[in-house]
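Have a look at the structure below before the remarks.
None of the figures in this text is laboratory data; all of them are computed from the coordinates on show. The model shown is predicted, which means the values in this text are computed figures rather than measured ones. As a convention, Cβ positions derive from the backbone with ideal geometry for all residues, glycine included, and neighbour counts pool all protein chains shown.
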Amino acid sequence: MKKGLFFVVSALIILVFFGGCPASNRPYLSMIVQKLNREPGEVIEIAVNAVNFVPDGSEIYSWQAEYWDGDSWEPLAGHLFPQGSGQRAYLYFPEIEYEKLWISVKTTAFIDGELKEISGSRTLYFDDKPDVAVEVFEIAGSFPEPDSWFENWGAYKDERTPFYFRYVDGFSPAVVFGFDPFEGRIKAVEVAPNATPSESCVYIHGSEEILKSGYSTSDLDDFFNEINIGEEKWRRRIKITADLSSVGLDDLPDKWFVDLYPDASDTGYDPDNESLFLIRGVKTSGTFVADKLLDISDLVLSSAKTENLNLKSVITVHFELDEASLGIGPLLDKEHYFGIMLVAYVEAPASSEFTSEVVIEIPAIVGAEMVFSPDVDF
């Protein structure tokens, strides 16, 4: 019995290693999917690669998106936008109960003289994830190490996503005349750093600092994963949703809806205690440099709100970011991305010398959300 089983197993091993698996040589389309932006309302890029066949450039690619309604797959219209030759597409994640999509693509190609249909598919999961602010302040000289960390983020992160911007002292004064985002960030946003750092550094959610001279990727990883961002306490979710009715010829919107949600204790936006900032970054050549920083608190004051008189604060806020009204150019394209930061005063222990009952209010990042450029490399 054992000897017979040995010969069967040996035969299978020989078949696999020397004869090969017949299905392994079949032509198909593999998908590369962007890791950042996998949240409701945001956009990603998907690309397909030909496997086991060589396209001749005449192929026409047909894309389809479906969503899971709990019982079956249903067509999802108006959220998938093929790009260029059709080998890439932009996908906007919808607001649905079951956050699961099925993306498929197919084409036809001549293989061994015969016209064949070739396809590929992928199931995508998405959900809201808290953003952790990782902000680089560059004083003099290059400090590229945090950029490398950000570029490789998607390979090993899952529960949190980065809100990543670089502030460079005196960045492109000829291009961005009369405005220095480096000084603007330090002076306008009260959370640390609230004075010019002594050397280039990276701040994690405005409370932990890593100097260039002592930088390590492992330290940044640890802070990113473990830093207190107020989850289940004072963290405020910010949701940014593309206005699909404003999608232009480049298949990207020029208007975005923004929702500010209350914290775990139902404390919402308080105009006397909070400030909201819009930051735009330049993605070109992997610089990630902030070139615009605007205080958009006035947009909140003029927006639709739901109030709770018992708490004397605004519970939910909904407003729109319109590129034409802002007047700073595109918020999102192949060269730009943007984020929103909410700053407020939160209670914290006054000092380890006092009892836990003694608290003070300190400025903190209570909410952050970044929408990155559609790019499969991220």
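Along the stretch 260-267, what does the Karplus equation 6.51 cos²θ - 1.76 cosθ + 1.60 (θ = phi - 60°) give for ³J(HN,Hα), rounded to whole Hz, x for Gly and Pro?
10, 9, x, 7, 5, 9, 6, 8
Subtracting the Cα-Cα distance from 0.36 nm times the residue separation, let me have the gained length for Ala140 to Ile315 in nm, one decimal.
Using 0.36 nm per residue and subtracting the Cα-Cα distance, I get 58.7 nm.
Just to be sure I understand the model, the point goes 7 Å from the Cα along the line to the Cβ. What's the resulting Glu209 to Ser104 distance in nm?
For the pair Glu209/Ser104, the computed spacing is 5.6 nm.
On a 20 Å Cα-Cα criterion, which of the cross-link pairs Lys292/Lys334; Lys35/Lys292; Lys255/Lys292; Lys35/Lys129; Lys187/Lys233; Lys100/Lys334 come out too long? Each step should come with its number before you reach the end.
Working: Lys292/Lys334 16 Å; Lys35/Lys292 25 Å; Lys255/Lys292 17 Å; Lys35/Lys129 12 Å; Lys187/Lys233 27 Å; Lys100/Lys334 26 Å.
Pairs exceeding the cut-off: Lys35/Lys292; Lys187/Lys233; Lys100/Lys334.
What distance in nm separates the simple spin-label points at Ile227 and Val376, each placed 7 Å from Cα in the Cβ direction?
3.2 nm
Between Asp128 and Ser297, what FRET efficiency comes out of the Förster formula 1/(1 + (r/R0)^6) with R0 = 30 Å and r the beta carbon distance, rounded to 0.05?
Calculated transfer efficiency: 0.80.
Between beta-carbons, use under 9 Å as the cut-off and find the net charge around Asp169, counting Lys and Arg +1, Asp and Glu -1.
My count for the surroundings of Asp169 gives -3.
Report the calculated FRET efficiency for Ser245 and Asp71 (r = Cβ-Cβ distance, R0 = 30 Å), to the nearest 0.05.
0.55
Mind checking which of Ile238, Gly248, Ile279 is farthest towards the positive end of the stretch 216-289's charge dipole, using Cβ charges of +1 (Lys, Arg) and -1 (Asp, Glu) about the Cα centre?
Gly248
Under unit Cβ charges (Lys, Arg +1; Asp, Glu -1), what dipole magnitude, rounded to 20 debye, does the stretch 131-226 have relative to its Cα centre?
It comes to approximately 320 debye.
5 Å is the cut-off here: which amide hydrogens, built 1.01 Å from N in the peptide plane, fall below it relative to Phe163, excluding neighbours closer than 5 in sequence?
The list, which skips near neighbours in sequence, is Val132, Ala133, Val134.
Report the charge-dipole magnitude of the stretch 23-125 in Debye, nearest 20, computed about the Cα centre from +1 at each Lys and Arg Cβ and -1 at each Asp and Glu Cβ.
Roughly 400 debye for the stretch 23-125.
On a full-extension model of 0.36 nm per residue, what is the gain between Ala188 and Glu95, subtracting their alpha-carbon distance, rounded to one decimal in nm? All intermediate terms of the calculation are to be shown ahead of the outcome.
On the way: separation 93, 0.36 × 93 = 33.48 nm, distance 3.36 nm.
Full extension from Ala188 to Glu95 adds 30.1 nm.
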